[in-house]
Amino acid sequence: MTTMTQNHRLGIEVDQRGRVLLARLHGGPRGEFGPEIAADLEALVTRAETDESVGAVVITGTHPERFVAHANLRWLQEGGAASPTVGPRGAAAVVQTARATRAVAGVRKLADRTPLSGPMELLDVHETFLRMNRCGAVFIAALNGSALGIGSELALACDYRLMAAGDHMIGQPEILLGFPPGGGGTQRLVRLVGTHQGLKRMLDGGGLDPEAAAEIGYVDEVVPGDELIDRAVALAERLAQRLKFTVAAVKRAVYIGGSLGLEEGLHVENAEFLSTLASPGAQAAMLAYMKRTEEAGDLPLYDRPTYEHTLEAGSFGRNTEAR
């Protein structure tokens, strides 16, 4: 999955540890996010979606001080220069055209030579991040250093964010370069930390240190740098034991349904609940639970050792009988 250049590697290197994929981002000497990482990230998500031996993915950087510095600016600048100069309404039409073009088999390579190329690459990144939100594998960002721009947006697309303690920062500085966040930052950050907190951060453009980011919920936990990967992998191993079908249902209900109005969101939840309820995994877990209830004379999840065992196993009745 990793590609080689003359001086350094660009892309993503993947190592499987049990049900966990440890993905290391190689963004060159500056730790930038460019087309090579975008392509490898798409392939990584496909593997997480389709490989039943994968239950979680930990994403980290290889730069000594950066998770992802930000996007490769030449990549963005050239894409912008090749795009038509239009206002928001015209840009919306360009995006709609690009989306329709991407869906037509055999047309993509031809369109890559047109002004639609930049919008289609942006849509590709958005779709990869959305697939992470719908995926049955859990994604954990292990921020080994700073994450600005799309580095922050990649972390926001993950389900958990652990950040190394130290002189690092996370934020959306795009306004300082004359454009707004374009990889989902305006949408995911405000959903995570609240509209006003997110707006303040994006209007100012300044980054937050790990402790300040954790205080507002931008990251979940601050970890000593030498413990970061072990902590992230341990969390991934625990969550990887959950049934992927159910993980995907929960994530879709939260990320997609939670962004809708209440009535529409409840409709999404109901659909996910009913489809999952009939799955073999849910049926097996419920039957095992009812059997154990009859044997013990009480509800198993109110027995602390049984509850702790089930948390580790990921599903009731899996591996060994709950005690």
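Each reported figure results from applying straightforward, stated rules to the coordinates on display, with no laboratory input. None of these values were measured; they are calculated from a predicted model. Using ideal geometry, Cβ is built from the backbone for each residue, glycine included, and neighbour counts are taken over all protein chains shown.
Summary of values
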item: Net charge of Cβ neighbours under 12 Å - reference ALA249; Lys, Arg +1; Asp, Glu -1; result: +3
item: Whole-Hz ³J(HN,Hα) from phi, Karplus 6.51 cos²θ - 1.76 cosθ + 1.60, for the range 246-252, glycine and proline x; result: 6, 4, 4, 5, 4, 5, 5
item: Neighbour-count order for MET163, MET286, MET202, fewest beta carbons within 10 angstrom listed first; result: MET286, MET202, MET163
item: Proximal charge balance of ARG66 [Cβ under 12 Å; K/R count +1, D/E count -1]; result: -2
item: Note, ³J(HN,Hα) from phi for the range 149-165, Karplus 6.51, -1.76, 1.60, rounded to Hz, x at Gly and Pro; result: x, 5, x, 5, 5, 5, 4, 5, 6, 7, 8, 9, 10, 10, 10, 5, 5
